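Beneath this line is the structure, given in structure tokens, with notes to follow.
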Amino acid sequence: MNEDYEVVVGLEVHAELKTQSKIFCSCSTAFGAEPNTQICPGCAGFPGMLPVLNRQVVEIAIMAGLALNCEIAEICLFDRKNYFYPDLPRAYQISQLDLPICQKGYLEIDLDGKKKRIGITRAHMEEDAGKLVHQGNITSSPFSLVDLNRCGMPLLEIVSEPDMRSSQEARAYMEKLRSILLFAGVSNCKMEEGSLRCDANISVRPRGQKELGIRTEIKNLNSFRALERAIEYEAKRHIEAIEDGEKLIQETRTWDEEKQITLSMRSKEEAEDYRYFPDPNLPPVKIEREWVEKIRATLPELPDQAQLRLVDNYSLPPYDAVILTLTPEFLAYFDNCLAHYHDAKTVSNWMMGELSKHLNQNNMEINDCKIQPAALARMLSLIDEGTISGKMAKSVFEEMFASGKEPDLIIKEKGMVQISDESTLIKIIEEVTANNAGVVEDYRSGKEKALGFLVGQVMKATRGQANPAIVNKLLKDCLKGD
Amino acid sequence: MELYELGLRDLQDKLNREEVSIREIIESVLKRIHEVDDKVKAFITLDEENALKKAAGLSSKESRKGQIVGLPFALKDVFCTRGLRTTCASRMLENYVPIYDATAVSRLNAEQGILIGKLNMDEFAMGSSTELSAFFPTRNPWDLERVPGGSSGGCAAAVAAGEVPVALGSDTGGSIRQPASFCGVVGFKPSYGRVSRWGVIAYSSSMDQAGVIARKVEDCALIMNIIAGHDPLDATSANVEVSDYTSFLQPNIRGMKIAYPTECFQQGMDEAVKNLVLNALKKYEELGAIIEEVSLPHGEYALPAYYIIGPAEASANLACYDGVRFGLRDYEADNVLDMYCNSRSAGFGDEVKRRIMLGTHVLSSGYYKNYYLKAMKVRRLIKNDFDQVFKNFDLIVTPTTPTTAFKLGAELDDFLTLYGNDIFTVPVNMAGLPAISIPCGFSDGLPVGMQIIGQTFDEGRVLKAAYAFEQNTTYHNIKPSLGGEQR
Ligand SMILES: [Zn+2]
């Protein structure tokens, strides 16, 4: 990116709140049901129906607000946001405008070990809309089908301050926000299921300039990667326009995942007038302080606290702490490993390394992982005991990941026990040195690197089962002795 | 007297004394409807078959458990009825059959009342004459060339014509009281939140309130005992204790303090109407009440504010009629915008469109503050006016309307005059107060109504004052001629 410019990013995140029933009726919120099987005359907008606020939604919204360091309103109010769309049965969405439930919060992101605070302007409750289903794509389909199952799902819209200055910061914010919501237990935050959605407001300005540049809003950011790429694309587009003296317009754009570009949806002039006004069907919600404090008392350990614990108790680097606290399940896995194994950094390395790599490759969550924390801990002990080498451990791990078998069993089945017996190893070393007289000469004449080659030959001869530390020692002795 | 001429309580007495059967009552009412409804045109939908079936089901004494066993009632077609089409007198809902009963309706059903049918109204309850029904106008039984008032005109006309002893109506700015006044019957609008709005098709959610039209005050009390009370399905329904309203049916009002606002006896008033209400106040004085003149200074702003708030809410409430899930739909349109526009253009009448446009306009950015927010401030001032008066008084009495029933078609093109008809009733809705209209005399053979307004949730005292007046006058005994000789 052109260093003369600075990108300014603010995010609007919609998180689906984890409740049994919808926000204004008693329909189920379960994901993936047959179309239009989780609806009632209420959420389908039939005549004479009235919304009744689900108290659990308020409770969870308060929980989320507290986790995000927000002030919880004493009175909040629902407004109608008016627009016509076939997936919006009442033709207005019940949302909150002037009196949202949460305001003035923040969260902290970690950038290369440096903390940065990102402000949260507000978080408000609202209902989700349904969705349209098409045959093929929207332009070629001869019809639109309406599925209202998602209608009335409770959402929390979390609006950040324009405090982010790069795509990396935006990603870090999203990751942190996600981990906080997950730790607080308020949302499932599954981007692929749409229970966590993100719009980005982006502008650029010459470095040092105070006022913000022309802002565009990017919709349809369905993954962390899309968020990063869209911000980078959009920032570049803005800078080029400014450099070329072109006029940017305030508009809403959409991210085209296939082409990896943003496309204009509508300009500010074309923007709809939502004609917000207080919903007369829903009296103002009074939130007693006692209630807030009661909820505060039930707040579980949040990522920041957990990170502190990891750094203080286990002396882990802050970077490790951030990764381990991405989800509560990942952290629980770590904690469970440590119940069976002493060295936190080793566990952390394996979790951030092999385990994460395998999960990503297989598009799996830690909860789907067949390796029990105790089994991973056992495998690490086997390395320490010298039963297997670090290198062997990787293939043991692979097998554990694939089959869920215990490490001892795998080692036994594959005859993978490490050879540490000196007399066995000396025999092999003698063979290797005899066959590689030239290399032995090189070593003796001062080429230290030659030792590595010889160790490699021994390992090869033992199909990797030789204990490398012992091989090293024996080789040196052997080469010295002659 | 024929059975159809009796009120609920009289019918109940006859049933208890086993002088009549439920079947006879229902048949008498249905026969009356067949005789006169061609002239009155009060019913949109008659549910004859089900009514008779229910009557048959209640023939054994053991089956009778409710408070209004076997007694007939009808509903303004704004109340949703399961399995029975509910039109709101609109083309939009001409064939709409709900799968649910409004709470008020299920309560009446649970008490074993018998629904006779659904009554005409101004489309979506927007209007004061029932001429704005998409189907046909209803006529005033006292003069078939005149309107019955509205929007609950079908209720008032049916009750006045003896087609049904009692009907549920809805009142947003006078829609129960004004037609009751025009038709010489009793119209009771409870406090906002007293009767559940669940299942009542919305016009203006912050002012809509279901209520009763009957020939006698006691029947209002009886029905209120059933329909009043908290409903968890309506978040604005009041969780306030409900009294036994029949306990207020006693004629002694000695010492009751009644105020009458100067402003309601001045502007554009029909002299005869004014004098009849002043006479009624004298009657109250004779009965031992204390009568004083007061001022409601912000009343003049009520109408403009009402015609901002009502349409604003309506513009959103009526947006669900988009042709997607139910109601009229243009199947020919080849894109969704055309489908919306064509469906709504064909489905709504002019007045409904006018109010949707008005409401959309006053909520638009740039106008919201100067119209909607200002109207909400006026609303607060009007409420304050009432609160001031109620510091010293029990009740407020006004004429229900400035004139008697006008001729059909007279004000159709002049909607501003039509709006003016609600001048005494609208402030009551804006303040959420309970009020009743009862007959207090006749002018040129047309009934005149008096409005009695009470404090929030003080329905009992309103009913008491209304009952006392009724017991000491005979206006309610005079029956309309239906175009023939007056009796
Ligand atoms: Zn529902």
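Net charge within 13 Å of A:E246 by Cβ-Cβ distance, Lys/Arg positive one each and Asp/Glu negative one each, not counting A:E246 itself?
On the way: positive: A:R237, A:K247; negative: A:E240, A:E243, A:D244.
Here the count lands on -1.
So, R0 is 56 Å and r is the distance between the beta-carbons of B:T474 and B:N95; what FRET efficiency does that work out to, to 0.05?
Details: r = 45 Å, r/R0 = 0.80.
Rounded to the nearest 0.05, the efficiency is 0.80.
Which one, B:P148, B:G187, B:L168, is farthest towards the positive end of the dipole of region B:128-284 when Lys and Arg carry +1 and Asp and Glu -1 on their Cβ?
About the Cα centre, the residue reaching furthest to the positive side is B:G187.
Chain pair B, A: how much accessible area is buried, both chains summed, with a 1.4 Å probe, in Å² to 100?
Looking at B and A, the buried total is near 2600 Å².
Could you give the Stokes-Einstein D for region B:356-487 in µm² per second, using the C-alpha Kirkwood radius, 20 °C, 1.002 mPa s?
Estimated via Stokes-Einstein, D reaches 123 µm²/s.
Let a ≥ b ≥ c be the square roots of the eigenvalues of the Cα gyration tensor of region A:234-307; is it rounded (a/c under 1.5), or, if not, prolate (a/b larger than b/c) or oblate?
It is oblate, given that a/c is not under 1.5 and a/b is not larger than b/c.
Could you tell me how many cubic angstrom of Cα convex hull volume region B:239-298 has per residue? Each step should come with its number before you reach the end.
On the way: hull volume 8.6 nm³, N = 60.
Considering the Cα atoms of region B:239-298, their hull volume per residue is 143 Å³.
What is the calculated FRET efficiency for A:H134 to A:E413, with r their C-beta to C-beta distance and R₀ = 41 Å, to the nearest 0.05?
Efficiency for this residue pair is about 0.20.
Taking the Cα atoms of chain B alone, what are Rg (to one decimal) and Dmax (as a whole number) in Å?
Computed over the Cα atoms of chain B, radius of gyration and Dmax are 21.1, 70 Å.
Report, largest value first, the span of the C-alpha coordinates of the protein assembly as shown along each principal axis, in whole Å.
140, 73, 58 Å, listed from the longest principal axis down.
Tell me which GluC sites (Glu not before Pro) from region A:244-289 have a DSSP coil assignment and no more than 15 other beta carbons within 10 Å of their own. Walk me through the numbers on the way to the answer.
Numbers: sites: A:E246, A:E251, A:E257, A:E258, A:E269, A:E270, A:E272, A:E288; in loops: A:E246, A:E257, A:E258, A:E269, A:E270, A:E272, A:E288.
When the GluC sites (Glu not before Pro) of region A:244-289 are filtered for loop state and at most 15 Cβ neighbours within 10 Å, A:E246, A:E257, A:E258, A:E269, A:E270, A:E272, A:E288 remain.
Cα centroids of region A:148-166 and region A:420-482: how far apart, whole angstrom?
Computed from Cα coordinates, the inter-centre distance equals 62 Å.
Projecting each Cα onto the charge dipole of the protein assembly as shown (Lys/Arg +1, Asp/Glu -1 at the beta carbon, about the Cα centre), which of B:G113, B:M207, B:L249 comes out farthest on the positive side?
B:L249
Tally Lys and Arg at +1 and Asp and Glu at -1 over the other residues with C-beta under 13 Å from the C-beta of A:V285: what net charge comes out? List each step's numbers first, then the result.
Details: positive: A:R55, A:K286; negative: A:E59, A:E74, A:D79, A:D279, A:E288.
That works out to -3.
With everything on Cα atoms, drop me the angle between helix A:390-403 and the longest principal axis of chain A, reported from 0 to 90° to the nearest 10.
50
Cross-link candidates for B:K118: which lysines have Cα within less than 18 Å, leaving aside residues fewer than 8 places away along the same chain?
Reachable lysines: B:K31, B:K39, B:K41, B:K53, B:K54, B:K76.
Give me the one-decimal nm value for the distance between modelled label points at B:D338 and A:K190, 7 Å along each residue's Cα-to-Cβ direction.
Taking the two extended label points, one gets 4.0 nm.
Would you work out which of A:V417, A:N435, A:P407 lies farthest towards the positive end of the dipole of region A:403-443, given +1 charges on the beta-carbon of Lys and Arg and -1 on that of Asp and Glu, about the Cα centre?
The residue sitting farthest along the positive end of the dipole is A:P407.
Using a 10 Å cut-off on Cβ to Cβ distances, tally the other chain neighbours for every residue of B:317-328 and report the average as a whole number.
On the way: counts 7, 2, 10, 11, 3, 8, 1, 12, 10, 6, 2, 0.
Whole-number average of other-chain Cβ neighbours for B:317-328 is 6.
Can you work out the FRET efficiency for the pair A:N2 and A:A271, with r the C-beta to C-beta distance and R0 = 22 Å, to the nearest 0.05? Before the final figure, lay out the partial values.
On the way: r = 29 Å, r/R0 = 1.34.
It comes to 0.15.
Please list, short to long, the whole-number percent of alpha-carbon pairs of region A:422-481 in consecutive 5 angstrom bins beginning at zero.
Using 5 Å bins, I get a P(r) of 4, 21, 37, 25, 11, 2 for region A:422-481.
Based on the alpha carbon coordinates of chain A, what radius of gyration and maximum Cα-Cα distance (Dmax) apply, in Å?
29.1, 99
Taking only the C-alpha atoms, wrap a convex hull around region A:303-414 and report its volume per residue in Å³ as a whole number. Provide the component values of the computation, followed by the final result.
Details: hull volume 10.2 nm³, N = 112.
Taking the convex hull of the Cα positions in region A:303-414, it is 91 Å³ per residue.
Taking a cut-off of 15 Å between Cα atoms, list the aspartates and glutamates near B:K391, but don't count ones fewer than 8 places away on the same chain.
Qualifying aspartates and glutamates at Cα under 15 Å: B:E292, B:E293, B:D458.
With charges only on Cβ, +1 for K and R and -1 for D and E, what is the dipole size of region A:422-481 about its Cα centre, in debye, rounded to 20? Write out the running numbers ahead of the final one.
On the way: 9 positive and 7 negative charges, 29 e Å.
Computed about the Cα centre, the dipole is about 140 debye.
Just report the Cα centroid separation between region A:395-419 and region B:165-214, whole Å.
79
Using just the helices of chain B, give the 222 nm mean residue ellipticity in deg cm²/dmol: DSSP H runs with n ≥ 4 each add -39,500 (n - 2.57), and the total is spread over all residues, rounded to 500.
Numbers: 15 runs with 172 residues, N = 487.
Estimated from H runs of four or more residues: -11000 deg cm²/dmol.
State to the nearest 20 debye the size of the charge dipole of region B:200-349 about its Cα centre, where the only charges are +1 on K and R beta carbons and -1 on D and E beta carbons. Mind dumping the intermediate values first?
On the way: 10 positive and 21 negative charges, 85 e Å.
Dipole about the Cα centre, nearest 20: 400 debye.
Dividing the alpha-carbon Rg of region A:159-248 by 2.2 N^0.38 Å yields what? Kindly include the intermediate steps, with their values, before the conclusion.
Numbers: Rg = 14.6 Å, N = 90, 2.2 N^0.38 = 12.2 Å.
Computed over Cα atoms of region A:159-248, the ratio equals 1.20.
Say a site is exposed when it is one of the GluC sites (Glu not before Pro), sits in a DSSP loop, and has at most 14 other Cβ atoms within 10 Å; what is then the longest site-free stretch of chain B?
Numbers: sites that count: B:E2, B:E18, B:E19, B:E145, B:E241, B:E332, B:E485.
Longest run free of exposed loop sites: B:333-484.
Looking at region A:303-414, how many pairs of lysines come closer than 23 Å at the Cα, when each pair is eight or more places apart or spans two chains?
Here the count comes out as 20.
What GluC sites (Glu not before Pro) does region A:424-482 have in DSSP loop regions with at most 10 other beta carbons within 10 Å? Intermediate values should be presented prior to the final figure.
Working: sites: A:E430, A:E431, A:E441, A:E448; in loops: A:E448.
Passing both the DSSP loop test and the Cβ count: A:E448.
If I fit a long axis through the Cα atoms of helix A:224-243 and take the longest principal axis of the Cα atoms of chain A, what angle between them do I get, 0 to 90°, rounded to 10?
70
Between region A:243-262 and region A:54-83, how far is it from one alpha carbon centroid to the other, in angstrom?
If you average the Cα positions of each part, the centres end up 33 Å apart.
Just checking the output field for A:45-58: average partner chain Cβ neighbours within 10 Å of each residue's Cβ? Don't skip to the answer; put the middle values down first.
Working: counts 7, 11, 20, 16, 9, 14, 3, 8, 1, 0, 0, 0, 0, 0.
The shielding value for this peptide is 6.
Given labels modelled 7 Å from the Cα in the Cβ direction, how far is it in nm from A:E431 to A:S223?
4.8
How far, in degrees from 0 to 90, does helix A:449-461 lean away from the longest principal axis of the Cα atoms of chain A, to the nearest 10?
90
Would you mind computing Rg(Cα) / (2.2 N^0.38 Å) for region B:228-376, counting N as its residues?
On the way: Rg = 23.2 Å, N = 149, 2.2 N^0.38 = 14.7 Å.
So region B:228-376 has a normalised radius of gyration of 1.58.
What is the spin-label model distance, in nm, from B:S243 to B:S295 if the labels are put 7 Å beyond Cα along the C-beta direction?
Each label point lies 7 Å from its Cα, and together they span 3.2 nm.
Taking the radius of gyration and the Kirkwood hydrodynamic radius from Cα positions alone, what is the Rg/Rh ratio for region B:149-279, to two decimal places? It would help to have the intermediate numbers written out before the result.
On the way: Rg = 15.9 Å, Rh = 16.1 Å.
Over the Cα atoms of region B:149-279, Rg/Rh equals 0.99.
The values are calculated or read from the model by the stated rules, or taken from the named source; none is laboratory data. These figures come from a predicted structure and were not determined experimentally. Cβ coordinates were reconstructed from backbone atoms using ideal geometry, including for glycine residues, and neighbour counts include every protein chain displayed. Calculation scope for accessible area: heavy atoms of the full protein, side chains included, ligands and nucleic acids excluded. Shrake-Rupley method; radii C 1.70, N 1.55, O 1.52, S 1.80 Å.
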